[in-house]
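Shown next, in structure tokens, is the structure this report addresses.
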Amino acid sequence: MSCCGSGAGVAKGEAGEVITRSVGFAILRMDRQFTIDEVVFAEPGDLLSLGARTLEGLNLIVDSGQKRLVAAGPVPAA
């Protein structure tokens, strides 16, 4: 992953508290796939997640039976 910070983002936590985190963009690579996406840089104790936009950019889906990411198949031509 290559990344570059670009500022701070503010969100509400589950209990309604205000959370501030560094945000930026990243080039995410997995095998031969890559995508560029906005990211939020986690701090110790934060939950880690990969967003739906990133999964779509990598053309991956979740195989819940195997508990892994798999190729989503051919991408329709524009």
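Readers should treat all values here as calculations from the given coordinates under stated rules, not as data from a laboratory. Since the model is a prediction, treat every value here as computed from it, not as a measurement. All Cβ positions, glycine included, derive from the backbone under ideal geometry; neighbour counts span all protein chains shown.
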Exercise. So, with +1 on the Cβ of K and R and -1 on the Cβ of D and E, and no other charges, what is the size of the charge dipole of the chain about its Cα centre, to the nearest 20 debye?
Worked result: 220 debye
Exercise. So how long is each side of the range 2-71 along the principal axes, counting just the alpha-carbon atoms, biggest first, in Å?
Worked result: 36, 29, 19
